[in-house]
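Undergrad: Before we start, here is the structure in question, set down as structure tokens.
The values are calculated or read from the model by the stated rules, or taken from the named source; none is laboratory data. No experiment lies behind these values; they were computed from the predicted model shown. Reconstructed Cβ throughout: ideal geometry from the backbone, glycine too, with neighbour counts over all protein chains shown.
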Ligand SMILES: *Cc1c(COP(=O)(O)O)cnc(C)c1O
């Protein structure tokens with residue numbers, strides 16, 4: 001029932017995270033409240049750093065995909081775990097740098113970079129661009145030339161793999177809006193053009209096949225495609241890629257019905273596959289980059305709401321209403337994403353109240369979960385949604401003028417505020 005190793009129940013019958021009483025945390029900091037367990041984030045990071053060191057070619061390293069959860073105070077944690085990071089916008093670059101992150105360890109993604117964006121990234125000393133398309137390649141070469149630098153780049157290529165996940169988070173197919181396709185022959189031209197340009201330095205390839213992937217086969221197929229392509233480019237243009245960036249996408253368990261994966265054994269399998277492939281083609285083993293986002297932060301976070309009560313429509317269904325919703329967690333509205341919920345105030349009660357949990361917005365899509373069982377709540381109980389560390393705060397909005405909640409970080413039995421709650425004044429601060 002508790003799903004993750006960092007959760008527990010204390011003698012008051014309250015849910016705990018990292019040993020701390022969530023009901024007391026909500027009392028102290030207010031609600032809704034995002035809670036992140038720093039110790040769990042670090043454990044998740046170490047799973048990657050250890051396995052990558054052990055099983056992948058020398059120099060291989062993880063990048064944290066900041067889009068999953070991006071705020072200033074997270075970057076020192078990620079950096080101290082030896083991670084590099086990927087960013088997808090000047091706003092993420094600004095946030096990472098403001099958090100003290102070394103810009104040389106930033107990898108800059110994005111399919112629609114403007115000249116201004118490119119200049120901003122160069123000015124801030126971003127280490128590597130992941131170039132998505134021809135227009136960007138030409139613009140980057142021109143702007144890097146003006147700045148008097150030679151910019152390290154990876155080319156984003158599309159390997160045509162469908163990892164059997166939901167349509168909206170599936171990016172590796174040939175008709176993807178991201179990258180340049182191998183199968184159409186265009187990726188080869190992309191490589192040869194990069195080699196002609198004087199102000200970019202091509203290091204290798206990037207490919208990201210999707211998110212919430214539970215099987216290893218799609219990653220093996222991806223490695224095969226990248227290696228075939230790299231061998232072809234070596235023969236055709238004499239370019240030997242030093243880096244393969246395999247993107248992110250390792251799946252995370254949100255409910256008991258989801259499978260679990262072992263990141264360590266996945267990385268071991270990928271490593272063996274690369275070694276064999278490289279031997280077969282006598283291709284030098286490339287440095288492997290992985291870009292986990294969700295699997296670093298999702299299970300380290302939860303959201304605490306206060307319920308405003310229940311509404312029973314006799315003969316139909318029961319609603320539980322909470323003081324947040326799609327403004328702080330839009331994933332149910334976007335993808336019908338399932339979460340595990342529990343009444344943090346009554347962990348010893350039976351979880352037998354069949355209900356649908358809805359938020360405070362004037363929108364029938366404002367739901368957090370449908371048809372679930374909770375311990376029957378009373379107005380004022382704290383309802384916890386587990387596994388909300390990824391793609392919740394980073395996708396939050398001010399719809400219906402609901403302020404974004406505060407976030408706290410817990411570690412070693414202590415808590416600290418890392419993002420204060422937005423005020424009404426914050427919401428009108430840009431309005432003239
Ligand atoms: C979204 C994304 C990631 C992170 O994916 P997760 O599923 O959160 O691990 C990594 N790289 C790229 C290019 C992405 O778009």
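Undergrad: Would you mind finding the one in 255, 260, 303 that is outside any helix (DSSP H, G or I), within 30 Å of the chain's Cα centre (by Cα) and without any contact (Cβ under 8 Å) to a residue 40 or more places away in the chain? Full working, then the answer.
TA: Numbers: 255 fails: without any contact (Cβ under 8 Å) to a residue 40 or more places away in the chain; 303 fails: without any contact (Cβ under 8 Å) to a residue 40 or more places away in the chain.
Of 255, 260, 303, the one residue that is outside any helix (DSSP H, G or I), within 30 Å of the chain's Cα centre (by Cα) and without any contact (Cβ under 8 Å) to a residue 40 or more places away in the chain is 260.
Undergrad: Residue 377 fails exactly one of the following numbered conditions: (1) touching a residue at least 60 places away in the same chain (Cβ under 8 Å); (2) in a loop (DSSP other than H, G, I, E, B); (3) out of contact with any strand residue (DSSP E or B) (no Cβ under 6 Å at 6 or more places or on another chain); (4) within 26 Å of residue 6 (Cα to Cα). What is the number of that condition?
TA: So residue 377 meets the others, but not (3).
Undergrad: Out of all the residues in region 16-25, is one or more under 30 Å from residue 272 (Cβ atoms) and at pLDDT 95 or above?
TA: Going through region 16-25, the residues under 30 Å from residue 272 (Cβ atoms) turn out to be none.
Checking region 16-25: not a single residue is under 30 Å from residue 272 (Cβ atoms) and at pLDDT 95 or above.
Undergrad: Right, something else. Pick from region 186-198 the residues that are surrounded by fewer than 17 Cβ atoms within 10 Å (Cβ to Cβ) and in contact (Cβ under 8 Å) with a residue 12 or more places away in the chain: which of them is farthest from the ligand (Cβ to nearest atom)?
TA: Let us first name the residues in region 186-198 that are surrounded by fewer than 17 Cβ atoms within 10 Å (Cβ to Cβ), namely 186, 189, 192-193, 195-196, 198.
Pick out the ones that are also in contact (Cβ under 8 Å) with a residue 12 or more places away in the chain and you get 192-193, 195, 198.
Numbers: 192: 24, 193: 22, 195: 23, 198: 27 Å.
Step by step, filter region 186-198, then rank; the result is 198.
Undergrad: Can you tell me which residue is farthest from the ligand (Cβ to nearest atom) among those in region 115-131 that are outside any helix (DSSP H, G or I) and buried (at least 22 other Cβ atoms within 10 Å of the Cβ)? So that I can check it myself, show each step before the final result.
TA: Initially, region 115-131 is screened for residues outside any helix (DSSP H, G or I), giving 124-131.
From what's left, buried (at least 22 other Cβ atoms within 10 Å of the Cβ): 126, 128-131.
Working: 126: 15, 128: 13, 129: 13, 130: 7, 131: 13 Å.
Among those residues, the one meeting the criterion is 126.
Undergrad: Given (1) exposed (fewer than 13 other Cβ atoms within 10 Å of the Cβ); (2) in contact (Cβ under 8 Å) with a residue 12 or more places away in the chain; (3) part of a loop (DSSP other than H, G, I, E, B), where does residue 360 come up short, assuming only one miss?
TA: (1)
Undergrad: Exactly one of (1) at pLDDT below 95; (2) closer than 20 Å to residue 374 by Cα is unmet by residue 5. Its number?
TA: Condition (2) is where residue 5 drops out.
Undergrad: Which residues, taken from region 90-114, are over 18 Å from residue 136 (Cα atoms) and assigned to a loop (DSSP other than H, G, I, E, B)?
TA: Across region 90-114, the qualifying residues are 99, 100, 101, 102.
Undergrad: Of the conditions (1) surrounded by fewer than 23 Cβ atoms within 10 Å (Cβ to Cβ); (2) under 23 Å from the mean Cα position of the chain (by Cα); (3) free of Cβ contacts under 8 Å to residues at least 60 places away in the same chain, residue 341 satisfies every one except a single condition; which number is it?
TA: Every condition holds for residue 341 apart from (1).
Undergrad: Next question, about the same structure. Can you pull out the residues in region 274-299 that are within 16 Å of the ligand (Cβ to nearest atom), assigned to a helix (DSSP H, G or I) and in contact with a helix residue (DSSP H, G or I) (Cβ under 7 Å, 6 or more places away or on another chain)? Write out each step before concluding.
TA: Step one: list which residues in region 274-299 are within 16 Å of the ligand (Cβ to nearest atom), which gives 288-299.
Narrowing further to those that are assigned to a helix (DSSP H, G or I): 294-299.
Listed by number, the residues that qualify are 294, 295, 296, 297, 299.
Undergrad: May I ask you to verify whether residue 320 is touching a strand residue (DSSP E or B) at 6+ places or on another chain (Cβ under 6 Å) and not in a loop (DSSP other than H, G, I, E, B)? Steps first, please.
TA: Values: touching a strand residue (DSSP E or B) at 6+ places or on another chain (Cβ under 6 Å): yes; not in a loop (DSSP other than H, G, I, E, B): yes.
Answer is yes for this residue.
Undergrad: Determine whether region 318-330 contains at least one residue that is modelled with pLDDT of 95 or more, within 16 Å of the ligand (Cβ to nearest atom) and surrounded by fewer than 23 Cβ atoms within 10 Å (Cβ to Cβ).
TA: Yes; the residues of region 318-330 include at least one that is modelled with pLDDT of 95 or more, within 16 Å of the ligand (Cβ to nearest atom) and surrounded by fewer than 23 Cβ atoms within 10 Å (Cβ to Cβ).
Undergrad: Only one residue in 238, 247, 309, 315 is out of contact with any helix residue (DSSP H, G or I) (no Cβ under 6 Å at 6 or more places or on another chain), away from the ligand (no atom under 16 Å from the Cβ) and closer than 21 Å to residue 153 by Cα, so which one is that? Don't jump to the end; show me each part of the working.
TA: Numbers: 247 fails: away from the ligand (no atom under 16 Å from the Cβ); 309 fails: closer than 21 Å to residue 153 by Cα; 315 fails: closer than 21 Å to residue 153 by Cα.
Criteria check complete, one pass: 238.
Undergrad: Okay, moving on. List the residue pairs whose Cβ atoms are under 8 Å apart, where the first residue sits in region 172-185 and is surrounded by fewer than 19 Cβ atoms within 10 Å (Cβ to Cβ), the second is assigned to a loop (DSSP other than H, G, I, E, B) and at pLDDT 90 or above, and the two are 6 or more positions apart or on different chains.
TA: Listed pairs, sorted by first residue: 174/183; 174/184; 177/111.
Undergrad: When you go through 401, 416 one by one, which is the residue that is surrounded by fewer than 17 Cβ atoms within 10 Å (Cβ to Cβ), at negative phi and free of Cβ contacts under 8 Å to residues at least 40 places away in the same chain?
TA: Answer to the check: 416.
Undergrad: Same structure, new question: Hey, could you check region 201-223 for residues that are more than 9 Å from the ligand (Cβ to nearest atom) and assigned to a strand (DSSP E or B) and say which is farthest from residue 295 (Cα to Cα)?
TA: 201
Undergrad: Go over the candidates 203, 106, 155 one by one and state the one that is over 20 Å from the mean Cα position of the chain (by Cα), buried (at least 22 other Cβ atoms within 10 Å of the Cβ) and closer than 27 Å to residue 267 by Cβ.
TA: Numbers: 203 fails: buried (at least 22 other Cβ atoms within 10 Å of the Cβ); 106 fails: over 20 Å from the mean Cα position of the chain (by Cα).
Unique residue meeting the criteria: 155.
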